[in-house]
Amino acid sequence: MRKLLSILLVAAATLSLHAQPAWVQTQHPQAPSVPEYVAFAGDTIRFDRTDFYERMDRELISFTYMHTNTTLMLKRSKRYFAQIVPILRQQGVPEDLKYLMAIESSLDPKALSVAGAAGLWQFTKATAQTYGLEVSTEVDERYNIEKETIAACKFLKDAYRKYGDWMTVAASYNAGQGGISRRRETQKQTSALELWLPEETARYMFRLLAVKLFFENPAAFGYNVPMSERYPYNEPKDVLTVNYSIPSLVDFAIQHKTTYAKLKEANLWLRDEKLTNKSNKVYKVIIP
């Protein structure tokens, strides 16, 4: 009897293993080796210096073992890159800058930091308003994917005009342009890679490079999420141009043959149950 029970337990374990979806890791992943270089936004960052090598190695190791977050980012990437990349191209920003979003929000459009930064691109209220986004009790355009991405492009292009290289631009996205400009001046260096920076910003640039490597080859990090398992981007049924008040978004949703829940999910920037538009501002409302 004991022998039979042992055989049955082994068989059950074998069946359970084969029943797991493709993306489940069946063994511990191993961080990829530091490459000779990474090409990023037209620049080449080499790791033949001890300090660069070790900083990159740290981020590759760190990124490999964030299982839950990393898997979710990979699953979300198909949906959000499909919306973001065309805007970056239209705005003249290198496509590699899309990886800033992965670091900032883990590709979660609902992300809200403890410091109050919101959305995929994690704008604070003050920076959002500086770049033309509305932030109020009823409307928060930091959650409007199109508008927040255009605002991010404006920030990035402003920074590039100051610094002339995209890695320093990336550092300024984390530390602020004022902080990077001040350190460049006092330390008499032009590239943020050569600056003594707060640890978060110093790691941020190499984390960005690690993220690029991850999305280009997740299998090298031990992750296998096939395209069929990644969340798709579904084109909206309609996009309405609205320049009037909507007293009840619930009634508005029903009128357009959807639910309030689906309407809110498609328009995260609508932060209330109504849209009081006294100035007749033009908004685009997605009908899912």
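The values are calculated or read from the model by the stated rules, or taken from the named source; none is laboratory data. Fair warning: this is a prediction, and the values are worked out from it, not measured in the lab. Cβ placement follows ideal geometry from the backbone for every residue including glycine, while neighbour counts extend to all protein chains displayed.
Tabulated values for the structure
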{"item": "Test: Asp96 is out of contact with any Leu (no Cβ under 6 Å at 6 or more places or on another chain), over 22 Å from Gln177 (Cα atoms) and touching a residue at least 12 places away in the same chain (Cβ under 8 Å)", "result": "no"}
{"item": "Qualifying position, being in the same structural domain as Ala151 (by TED's automatic domain parsing), among the basic types (Lys, Arg) and touching a Phe, Trp or Tyr at 6+ places or on another chain (Cβ under 8 Å), among Lys110, Lys125", "result": "Lys110"}
{"item": "Single match in Ala266, Ala202 (criterion: touching a strand residue (DSSP E or B) at 6+ places or on another chain (Cβ under 7 Å) and modelled with pLDDT of 95 or more)", "result": "Ala266"}
{"item": "Ala253, sole failed condition from (1) surrounded by 13 or more Cβ atoms within 10 Å (Cβ to Cβ); (2) among the hydrophobic types (A, V, I, L, M, F, W, C); (3) in the same structural domain as Asp43 (by TED's automatic domain parsing); (4) over 21 Å from the mean Cα position of the chain (by Cα)", "result": "(3)"}
{"item": "Complete set of residues in the stretch 272-281 that are assigned to a loop (DSSP other than H, G, I, E, B) and either assigned by TED's automatic domain parsing to the domain that holds Tyr143 or within 13 Å of Ile246 (Cβ to Cβ) (or both)", "result": "Asp272, Glu273, Lys274, Thr276, Asn277, Lys278, Asn280, Lys281"}
{"item": "Sole residue being surrounded by fewer than 20 Cβ atoms within 10 Å (Cβ to Cβ) and among the small types (Gly, Ala, Ser), chosen from Gly92, Gly119", "result": "Gly92"}
{"item": "Number of the condition not met by Phe123 [criteria: (1) under 27 Å from Leu268 (Cβ atoms); (2) without any contact (Cβ under 8 Å) to a residue 24 or more places away in the chain; (3) in contact with a Leu (Cβ under 7 Å, 6 or more places away or on another chain)]", "result": "(2)"}
